[in-house]
Amino acid sequence: MLVSHTLHWWQKEIIYQVYPRSFKDTSGNGIGDLRGITQKAVYFQWLGVKAVWLSPVYPSPMKDFGYDISDYCNIHPTLGTMEDFDNLLHELHERGIKLIMDLVPNHTSDVHEWFMESRKSKDNPKRDWYIWADPADSGGPPNNWRSEFGGSAWELDSQTGQYYCHSFLKEQPDLNWFNPEVREAMWEVMRFWLNKGVDGFRVDVLWYLIKDRLLRNNPPNPDWEEGMPDHDKLITAFSNDQPEVHDVVEQMRRVVDEYPNRLIIGEIYLPVDKLVMYYGKEPDTGVHLPFNFHLVSTEWDAQQINKLISEYEGALPAGGWPNWVLGNHDKSRIKARVGEDQLFNAALLLLTLRGTPTMYYGDELGMNDVEIPPEKIQDPREFREPGIGVGRDPQRTPMQWNNSKNAGFTNHDPWLPVGADYQTNNVDSLMENQHGLLQFYHDLIALRQKEPALHGGSFHPVGVQNQLLCYRRQHEQSAFFIALNLGKEETSFTPSFKWRGVVEIASNPKRKGEKIENTIHVNGNDGLLIRITGNSEAG
């Protein structure tokens with residue numbers, strides 16, 4: 001069993017995702033910026049966050065809001081300058097907070113100098129930096145691959161008569177990762193930021209980097225129905241997660257390992273058995289944390305979540321460190337998925353499971369999806385496939401800092417609407433509420449950091465009774481019992497072992513300090529974190 005002093009910082013701490021455009025505007029243009037994040041470093045410190053991950057801040061035409069990069073080694077002028085970035089990095093490090101950059105290696109912007117060279121002619125030295133192919137024999141795209149944003153994944157270039165591949169927007173051409181020159185160029189990008197002192201990378205769509213060399217057609221998805229995203233019409237057997245991707249990941253890991261104590265995270269939406277392959281064929285050859293998004297998509301049901309935890313824990317390779325994600329910039333807010341009554345349980349689950357948790361800005365306030373009027377829509381996904389729920393604007397709305405106009409985010413019209421509940425549901429108001437969700441996160445994070453059983457201890461499933469999910473965390477003689485009632489009905493549960501404990505943290509503050517022995521009673525929607533004080537060695 002790992003003990004706390006052997007843990008790396010990324011195993012012990014929480015990762016907090018900031019969507020820069022929506023965090024804090026200091027320039028008065030309605031868009032968040034780097035200075036705004038620097039200004040709020042004191043908030044990270046108060047909350048107990050020790051690692052901040054920034055969504056892309058590079059120069060970009062903003063066709064996909066920063067995930068279409070035109071220069072990997074600079075800062076988008078709307079977000080600030082390189083000096084602003086250096087100041088942010090310094091301020092975070094001064095407060096003991098790590099900074100993780102978003103790396104987007106699958107594709108560039110179509111105005112990146114690499115692609116502008118590549119499309120000039122078939123014999124251009126950078127032609128093979130991207131995925132080009134002749135039309136199919138019958139005419140049209142080379143194969144049937146679909147873009148994640150709907151429509152064909154191929155765009156005809158009229159100048160050369162060939163198609164280029166784009167897994168996302170046509171303005172985001174995919175790089176050819178079979179080309180060693182592309183790899184070396186991206187390694188130099190990584191070294192540029194690592195030399196500046198950043199603490200690691202979250203790698204965008206890592207499982208997409210390698211496509212089938214033969215460009216074979218993807219098979220149809222028999223489960224696709226009208227109203228589902230266009231991309232889901234096919235099973236992506238040949239357009240992502242190819243065997244050769246693991247060689248790329250291994251090389252990427254070696255670059256990061258040139259620098260001490262750095263982290264690499266992979267964005268990977270795959271089933272558990274395929275997800276865990278990204279830890280590497282051998283120890284220390286893959287990413288440190290292949291992001292585990294399964295809590296985002298699993299039904300909020302005690303039996304289903306218990307099954308997921310067991311499946312994931314059982315699939316982890318030797319030395320593989322688990323991680324959990326409940327919210328991010330691409331998925332509906334936690335509140336929209338599980339409901340307001342379950343927000344305390346969501347916090348308890350995320351922050352007491354074994355492994356590294358990732359929080360999304362504003363989830364600690366209980367921010368909700370925001371309805372976006374048609375004239376305010378920004379997301380290209382919503383424009384391309386309207387009305388089927390793939391738009392990502394609702395979960396990217398401005399952070400709610402106080403009850404002033406625009407929630408203290410900006411003194412201008414914000415780029416996306418602020419949540420209607422901002423006057424009561426904001427940082428300043430919730431900091432004054434000792435029993436509110438924000439204080440709950442604060443207290444839970446502080447306890448998690450202090451207790452080796454919670455940040456590095458072993459995990460032991462205890463049982464499920466109706467909608468009551470129970471498990472135990474233990475390190476040496478210190479142990480905690482977690483009981484989460486994911487349903488509305490009061491439930492009692494008696495484990496198979498004798499035990500007693502004291503409630504340390506509870507969604508209902510009246511239960512804090514309560515002594516419990518053997519049988520536990522939990523009201524609907526309530527959660528308990530109990531310090532075990534006796535007979536914890538059984539079970």
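The values are calculated or read from the model by the stated rules, or taken from the named source; none is laboratory data. Model, not experiment: these values are computed from the prediction. Positions of Cβ are backbone-derived with ideal geometry, glycine not excepted, and every protein chain shown enters the neighbour counts. The area values use the complete protein model at the heavy-atom level, side chains included, leaving out ligands, DNA and RNA. Shrake-Rupley method; radii C 1.70, N 1.55, O 1.52, S 1.80 Å.
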> Rg and Dmax of the range 67-141 over Cα atoms: what are they, in angstrom?
Replying inline: 18.4, 61
>> Counting other C-beta atoms within 10 Å, and keeping those with at most 10, which DSSP coil GluC sites (Glu not before Pro) do you find in the range 178-245?
In response: 225, 226
>> At 1.4 Å probe size, what's the solvent-accessible area of residue 6? Round to the nearest 10 Å².
In response: 70
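Starting from the Cα gyration tensor of the range 284-327, multiply each eigenvalue by 5, take the square root, and state the resulting semi-axes largest first in whole Å. Write down the numbers at each step before the final one.
Details: eigenvalues 91, 31, 6 Å².
Each semi-axis is √(5λ); the values are 21, 12, 6 Å.
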> If you average over every viewing direction, what projected area does the convex hull of the Cα atoms of the range 1-140 give, in nm²?
Replying inline: 13.5
> Calculated from the structure, volume of the Cα convex hull per residue in Å³ equals which of [x] 128; [y] 429; [z] 149?
Replying inline: [z]
> Taking the range 227-329, which trypsin sites (Lys or Arg not before Pro) meet the DSSP loop condition and have no more than 16 other C-beta atoms within 10 Å?
Replying inline: 281
> So, counting K/R as plus one and D/E as minus one, what does the shell of residues with Cβ under 13 Å around residue 503 add up to?
Replying inline: +1
> Please identify the GluC sites (Glu not before Pro) of the range 371-451 that satisfy two criteria: DSSP loop assignment and at most 10 other Cβ atoms within 10 Å. Which are they?
Replying inline: 432
> Under 20 Å Cα-Cα from residue 40, which lysines qualify once same-chain neighbours fewer than 8 residues away are excluded?
Replying inline: 24, 50, 98, 405
> What ratio of Cα Rg to 2.2 N^0.38 Å holds for the range 255-404?
Replying inline: 1.17
> So which lysines pass the test for residue 515, namely a Cα distance under 26 Å, with those fewer than 8 places away in the same chain ruled out?
Replying inline: 450, 488, 498
> Shape of the range 425-539 from its Cα gyration tensor (a ≥ b ≥ c, root eigenvalues): rounded if a/c is under 1.5, otherwise prolate when a/b > b/c, or oblate?
Replying inline: oblate
> Taking the Cα centre of the range 183-286 as the origin and placing charges on Cβ (Lys, Arg +1; Asp, Glu -1), which of 200, 210, 237 is farthest toward the positive end of the dipole?
Replying inline: 200
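Would you check the range 161-290 for Lys pairs whose C-alpha atoms are within less than 20 Å, ignoring same-chain pairs closer than 8 in sequence, and give me the count? Intermediate results must be reported in sequence, preceding the final value.
Values: 170/211; 170/233; 211/233; 211/274; 211/281.
Going through the range 161-290 pair by pair, I get 5.
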>> Please state the shape class of the range 492-539: rounded when a/c is under 1.5, otherwise prolate if a/b exceeds b/c and oblate if not, all from the C-alpha gyration tensor.
In response: oblate
> How many percent of DSSP beta bridges within the chain run antiparallel, rounded to 5?
Replying inline: 65
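Counting each pair of different Cα atoms once, what's the Kirkwood radius of the range 66-203 in Å, rounded to one decimal? The partial results should precede the final answer.
On the way: mean 1/r = 0.0604 Å⁻¹.
Result for the range 66-203 stands at 16.6 Å.
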> If you rank 498, 335 by how much accessible surface each has, with a 1.4 Å probe, what is the order from largest down?
Replying inline: 498, 335
